[in-house]
Amino acid sequence: MSALAHKTAKTDLRVFDVESVRGDFPILSRTVHDKPLTYLDSAASAQKPQSVIDAIRYQYEHEYANVHRGAYFLSETLTSKYEAARETVRQFVNAESDREIVFTKGATEAINLVAATFGRSLSSGDEVVITGLEHHSNIVPWQLLRDQCGIVLKVVPITPEGEVSLSAVESVLSKKTKLVAVAHVSNALGTILPIKEIISAAHAVGAVVLIDGCQGIVHEHVDVQDLDCDFYAFSGHKLYGPNGIGVLYGKEDLLDAMPPYQGGGEMISNVTFERSEWAELPAKFEAGTPPIVPAVGLGAAIDYVAGFDQRAIAAHEDDLLKYATEQLQALNSIRLIGTAQNKTAVASFVLEGAHPHDLATILDRSGVCVRAGHHCAQPLMDSFGVTATVRASFGMYNTREEVDVLINALGRAREILC
Amino acid sequence: MQTAEKDRDILSLYQEIILDHGKSPRNAGTVERHDCRSEGKNPLCGDRVTVTAALDDDGRVADLKFDGKGCAISIASASMMTEAVKGLTAEEAKVMTGAVNTLCREVTSPDAIMEELGDELGPRLKRLSALSGVRQFPARVKCANLPWHTLISCLDGAGNVSTEG
């Protein structure tokens, strides 16, 4: 049974109610500059529910030790929690085996891991395909690889709406394509990419596919077997978990064939001064003391999110996006950047006559946290002819009232600046 | 702090003179026959400014222009800078830059900074005193400073600068 079918069959799912959800996130009750906190920056990092905070605290207060090899109660306890977190991740993304779940310090490290290890199997003239809306973390590792071994980096152009069409991807694919590395969802625009179709098209030319799932996994159920992706990378902190933890899912046969990423403890089975042998998966890719407590915290975050029907969370966020888009469009001189048909709850925009940084500073004084800048996607900003945008991104705990606070604060900002 | 006071912070940051220079920058462009040129950028936010200057026979700034993209604070600071340093030597421009940095960061009153600068530079700084509004906004100090750092590297012939360097 797939994880989705499993979840749908579950009868003990919590009913999604935003007020009750808000009650789970202690930080949301604080004020900023004497105004209620209006946190609209979840695409950068999401806030944490009490259960995640409690899980982290509990580990440090009651069960902390290093994992693996410790022949004593505390180490064995935390080792089993660490491995249980891996199993939680496996179920969440419906991987076939927990050998396919590698813990990293974040999604950036997960992508760099693939570039540094799988990348070694590529040679001069081989092509790596990315799209025009990638985050720097899915651009720069491939540039480093290019400089190292002469691969050719191909970029699929985006449409004026900020979409990536399947045909645009297909026109770049060829027998030379060895890897396609694309975002599931654009962090700067919210565009949802047709990844299932892209994966299938890439496989048709024999290429391997890496999905940067940082934004995607937060907004829709991910089933790596159904997608048939070869790698799927994501971070914990955008999924309501702690920072310092990320996940690389990789198909077992690929991970098996790849050389280790870093050398050190944990990733070996035998070491002499002449040579070393590698540990089994996934330990082969987890050199050194891993982010133990963050992994347990990520497990708690997934338990929290998976306690709801993910479709209910998505429907709530879709409603926020629709409302925010309407309200923003009703303001004069607003230009929405990224108007894809399929979008997550991200509103990126510029306001004529007001620079995003000035807007963000003024919004902050109304307690509104938004991001202003290039969102680590400078090439994407260039393609829209802007250097920066304001980005309001919504999480499961945001409300329509908070959209109103944003709109009012924008009105005030415009009074001051324009 | 009360709400009205918070609003005062914002209004002291975005004073009329800042908004005016931000919207209608003076000396925008490039000095065609320049003696030195430097580009400054803030890699975190993408703001960038290019400063070009022509010097006279005594080594004084005869013409100074800037070209850039950025927020109201950085553009206003650049625009006000082009007016404030014309006629100064590189050494004097450095002193002014230090004074602007103090003006943006420290609690020293603008009057005290002006007094310390003396009769030649003091009145020039007075015209920049609106920049002190960034004191309440630590994240924005680098916006005000970027053009000035770029000016110094331009006059030193050092090439490019970055506020994150």
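Given the structure, is A:D404 over 26 Å from B:G68 (Cα atoms), among the acidic types (D, E) and touching a residue at least 12 places away in the same chain (Cβ under 8 Å)? So A:D404 passes the test. Residues in the stretch A:224-233 include at least one that is out of contact with any helix residue (DSSP H, G or I) (no Cβ under 8 Å at 6 or more places or on another chain), in the same structural domain as A:I139 (by TED's automatic domain parsing), within 15 Å of A:I101 (Cβ to Cβ) and in contact (Cβ under 8 Å) with a residue 60 or more places away in the chain. With a requirement of 3 or more residues that are of a type outside the set (V, I, T) and within 27 Å of A:N342 (Cα to Cα), the strands (runs of 3 or more DSSP E) lying completely within the stretch A:119-215 that satisfy it span A:177-183. Taking the criterion of being charged (D, E, K, R), farther than 23 Å from B:A139 by Cβ and away from every other protein chain (no Cβ under 14 Å), the residues of the stretch A:375-418 that qualify are A:R400, A:E401, A:D404. Of all the criteria given as (1) in a helix (DSSP H, G or I); (2) more than 14 Å from every other protein chain (Cβ to nearest Cβ), the one not satisfied by B:V107 is (1). Considering the stretch A:334-418, the qualifying helices (runs of 4 or more DSSP H), each wholly inside and each with 2 or more residues that are buried (at least 23 other Cβ atoms within 10 Å of the Cβ), run over A:356-364, A:400-417.
Of the residues making up the stretch A:55-78, none is away from every other protein chain (no Cβ under 14 Å), free of Cβ contacts under 8 Å to residues at least 12 places away in the same chain, buried (at least 20 other Cβ atoms within 10 Å of the Cβ) and over 23 Å from A:Y397 (Cα atoms).
Scanning the stretch B:127-147 for residues that are touching a Leu at 6+ places or on another chain (Cβ under 8 Å), more than 15 Å from B:I113 (Cβ to Cβ) and either charged (D, E, K, R) or more than 13 Å from chain A (Cβ to nearest Cβ) (or both) gives a single hit, B:R140. Scanning the stretch A:332-374 for residues that are within 14 Å of chain B (Cβ to nearest Cβ), under 28 Å from A:H184 (Cα atoms) and out of contact with any strand residue (DSSP E or B) (no Cβ under 6 Å at 6 or more places or on another chain) turns up A:G373, A:H374. Answer yes if at least one residue in the stretch A:180-203 is within 22 Å of A:G299 (Cα to Cα) and without any contact (Cβ under 8 Å) to a residue 60 or more places away in the chain, and no otherwise. There is at least one residue in the stretch A:180-203 that is within 22 Å of A:G299 (Cα to Cα) and without any contact (Cβ under 8 Å) to a residue 60 or more places away in the chain.
Yes or no, residue by residue, for (1) out of contact with any His (no Cβ under 8 Å at 6 or more places or on another chain); (2) under 26 Å from A:G373 (Cα atoms); (3) among the aliphatic types (A, V, I, L, M):
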| position | (1), (2), (3) |
| --- | --- |
| B:F66 | yes, yes, no |
| B:G70 | no, yes, no |
| B:E91 | yes, no, no |
| B:M96 | yes, no, yes |
| B:N101 | yes, yes, no |
| B:R105 | yes, yes, no |
| B:T108 | yes, no, no |
| B:E115 | yes, no, no |
| B:L121 | yes, no, yes |
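In this structure, does A:I198 turn out to be in contact with a helix residue (DSSP H, G or I) (Cβ under 9 Å, 6 or more places away or on another chain), more than 30 Å from A:Y397 (Cβ to Cβ), in the same structural domain as A:L254 (by TED's automatic domain parsing) and buried (at least 22 other Cβ atoms within 10 Å of the Cβ)? Criteria met by A:I198.
Among the residues of this structure, A:E61 does not count as one that is modelled with pLDDT of 95 or more, outside the structural domain of A:R99 (by TED's automatic domain parsing), more than 16 Å from A:A295 (Cβ to Cβ) and among the acidic types (D, E).
Look at A:L328 and say whether it is facing chain B (nearest Cβ under 10 Å) and either part of a helix (DSSP H, G or I) or crowded, with 24+ Cβ neighbours inside 10 Å (or both). Taking the combined requirement at face value, the residue does not satisfy it. Of all the listed residues (A:A340, A:A295, A:A283, A:A330), the sole one being under 30 Å from A:R14 (Cα atoms) and either modelled with pLDDT of 95 or more or outside the structural domain of A:E134 (by TED's automatic domain parsing) (or both) is A:A295.
In the set A:E109, A:E100, A:E83, only one residue is touching a Gly at 6+ places or on another chain (Cβ under 9 Å), farther than 17 Å from A:K251 by Cβ, at pLDDT 95 or above and acidic (D, E); that residue is A:E109. Of the residues A:D223, A:D212, A:D228, the single one that is of a type in the set (D, E), on the phi > 0 side of the Ramachandran plot, out of contact with any Pro (no Cβ under 9 Å at 6 or more places or on another chain) and at pLDDT 95 or above is A:D228. Does B:A130 satisfy the criteria of being out of contact with any Cys (no Cβ under 8 Å at 6 or more places or on another chain) and either surrounded by fewer than 19 Cβ atoms within 10 Å (Cβ to Cβ) or under 15 Å from B:N101 (Cβ atoms) (or both)? No: the conditions fail for B:A130. The number of residues in the stretch A:335-351 being of a type outside the set (S, T, N, Q) and in contact (Cβ under 8 Å) with a residue 60 or more places away in the chain comes to 8. If you filter the stretch A:351-376 down to residues that are out of contact with any Pro (no Cβ under 9 Å at 6 or more places or on another chain) and among the β-branched types (V, I, T), you find that the one that is farthest from B:G22 (Cα to Cα) is A:V368.
Tell me whether the stretch B:94-117 contains one or more residues that are in contact with a Phe, Trp or Tyr (Cβ under 6 Å, 6 or more places away or on another chain), buried (at least 17 other Cβ atoms within 10 Å of the Cβ) and touching a residue at least 12 places away in the same chain (Cβ under 8 Å). Checked the stretch B:94-117: at least one residue is in contact with a Phe, Trp or Tyr (Cβ under 6 Å, 6 or more places away or on another chain), buried (at least 17 other Cβ atoms within 10 Å of the Cβ) and touching a residue at least 12 places away in the same chain (Cβ under 8 Å).
The values are calculated or read from the model by the stated rules, or taken from the named source; none is laboratory data. Remember, it's a predicted structure, so these values are computed and weren't measured experimentally. Neighbour counts are summed over all protein chains in view; Cβ atoms, including those assigned to glycine, are modelled from backbone coordinates with ideal geometry.
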